[in-house]
Amino acid sequence: MASACGTRASSGTDERTEVTILAAASLQKPLERLREAYETAAPGVRLTVSTDSSAALRTQIEQGADADLFLSADAANPAALVAGGMTVGPAVPFAGNQLAVIVPRDNPAGIRSPVDLARPGVRIIGAGDSVPITTYALDVVGRLERLDGYPPGFAGSYAANVVSRETNVQSIVARLALGEGDAGIVYLTDAAGAAGRVREIPVPPAAQVTAVYAGAVLAATDRPEEATAFLRWLTGPDGQAILAELGFLPPP
């Protein structure tokens with residue numbers, strides 16, 4: 001995680017109030033757009049963003065990371081912080097996402113359908129057990145196993161083909177773009193954002209799941225009003241319009 005300034009005071013002639021956001025890796029590129037739009041709408045605020053897996057960020061927050069707002073790719077990690085008294089108020093859902101299978105652009109393993117993920121010898125790039133994309137991916141795999149045309153034991157064969165467990169979803173995308181594996185399951189927005197570097201294999205609608213993204217203002221913040229204002233903007237019409245344009249779904 002990129003380090004945050006101790007008091008986060010503005011430097012030089014920049015008199016803007018700095019708000020530090022810890023965000024899921026799948027929000028890295030979207031937050032570039034969101035930050036630009038918000039800083040235009042709220043010129044007195046400067047957003048500083050650091051990304052990693054939601055689970056890793058939650059651990060950093062529990063260990064005292066200096067930050068104001070947590071934006072997670074799931075609801076479970078913010079809920080745990082709420083339960084531990086480490087947030088200001090409840091977690092707020094702000095977006096949804098779906099999943100896709102991706103393969104390298106030249107698709108050397110000849111993956112044509114998710115059923116091929118269980119084929120012997122296919123190298124799947126996954127993520128660690130605590131990373132939200134893993135939970136969502138295993139949900140999809142379990143649903144696939146129940147579909148017609150998918151063999152009994154599909155989920156077990158898929159698990160046996162996982163050759164790497166990355167720290168976050170962006171690392172899955174990066175490795176597959178480099179051809180260092182045959183396939184992986186990522187968020188639909190990540191697949192779209194890497195178009196040209198990877199190819200997308202759609203997940204059948206009957207096996208699709210919706211990831212819920214949630215945010216929470218952190219109790220340790222010294223910028224509660226500014227952090228709350230950004231989260232409110234994110235869930236409002238302007239933030240939602242940008243998220244929709246980038247392929248995210250409305251929050252449930």
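Going by amide H atoms built from the backbone, whose H comes under 5 Å of the H on Phe94, apart from near neighbours?
The answer is Tyr213, Ala214, Gly215.
Based on DSSP H runs of at least 4 residues, each adding -39500 (n - 2.57), what is the mean residue ellipticity at 222 nm of the chain after dividing by all its residues, to the nearest 500 deg cm²/dmol?
Details: 9 runs with 88 residues, N = 252.
About -10000 deg cm²/dmol.
State, as an integer percentage, the relative contact order of segment 51-170 based on alpha-carbon contacts under 8 Å between residues 6 or more apart. Could you put the intermediate results ahead of the total?
Numbers: 113 pairs, mean separation 33.8, N = 120.
Result for segment 51-170 is 28 percent.
Taking θ as phi - 60°, what are the ³J(HN,Hα) couplings along segment 23-29 by the Karplus curve (6.51, -1.76, 1.60), each to the nearest whole Hz, with x for Gly and Pro?
Each residue of segment 23-29 in turn: 9, 4, 4, 6, 9, 4, 5 Hz.
I'd like the FRET efficiency for Glu36 and Leu147, computed as 1/(1 + (r/R0)^6) with the beta carbon distance as r and R0 of 41 Å, rounded to 0.05. It would help to have the intermediate numbers written out before the result.
Values: r = 42 Å, r/R0 = 1.01.
Computed FRET efficiency for Glu36 and Leu147 comes out at 0.50.
Per residue Cα convex hull volume for the chain, in cubic angstrom?
Taking the convex hull of the Cα positions in the chain, it is 127 Å³ per residue.
By the gyration tensor of its Cα atoms, with a ≥ b ≥ c the square roots of the eigenvalues, what is the shape of segment 99-207: rounded for a/c under 1.5, prolate for a/b over b/c, or oblate? All intermediate terms of the calculation are to be shown ahead of the outcome.
Working: a/c = 1.41, a/b = 1.30, b/c = 1.09.
In terms of gyration-tensor shape, rounded.
Based on the mean of other beta carbon atoms within 10 Å per residue, what is the order of 162-168, 64-70, 229-235, 23-29, most packed first? Kindly include the intermediate steps, with their values, before the conclusion.
Values: 162-168: 17.6, 64-70: 21.4, 229-235: 19.7, 23-29: 24.7.
Those peptides, ordered most packed to least, come out 23-29, 64-70, 229-235, 162-168.
What share of the DSSP beta bridges in the chain is antiparallel, in percent to the nearest 5?
Working: 20 of 37 bridges.
Antiparallel bridges make up about 55 percent of those DSSP assigns within the chain.
Enter the angle in degrees (range 0 to 90, nearest 10) between the Cα long axis of helix 132-145 and the first principal axis of the Cα atoms of the chain, meaning the one along which they spread out most.
With both axes taken from Cα atoms, the answer is about 30 degrees.
Can you grab the distance from the C-alpha centre of segment 100-141 to the C-alpha centre of segment 46-74, Å, no decimals?
Going from one Cα centre to the other spans 27 Å.
Determine ³J(HN,Hα), in whole Hz, for all residues of segment 180-187 in sequence, where each value follows from phi through the Karplus function 6.51 cos²θ - 1.76 cosθ + 1.60 and θ = phi - 60°; x replaces Gly and Pro.
Calculated HN-Hα couplings, in order: 8, x, 9, 6, x, 10, 9, 6 Hz.
Find out how many positive minus negative residues lie around Val101, taking Lys and Arg as positive, Asp and Glu as negative, among other residues whose Cβ is under 11 Å from that of Val101.
On the way: positive: Arg112, Arg199; negative: Asp116, Asp182, Glu200.
So the environment of Val101 carries a net charge of -1.
Mind checking the full-extension length gain between Ala159 and Arg232? Use 0.36 nm per residue of separation minus the Cα-Cα distance, one decimal, nm.
Numbers: separation 73, 0.36 × 73 = 26.28 nm, distance 3.95 nm.
Gain in length upon complete extension: 22.3 nm.
From Cα pairs below 8 angstrom and at least 6 apart in sequence, can you work out the relative contact order of segment 99-207, rounded to a whole percent? Provide the component values of the computation, followed by the final result.
Numbers: 201 pairs, mean separation 52.6, N = 109.
Contact order relative to length: 48 percent.
Read-outs: derived from the displayed coordinates by stated rules, not from any lab. In this text, all values refer to a predicted model and were calculated from it rather than measured experimentally. Positions of Cβ are backbone-derived with ideal geometry, glycine not excepted, and every protein chain shown enters the neighbour counts.
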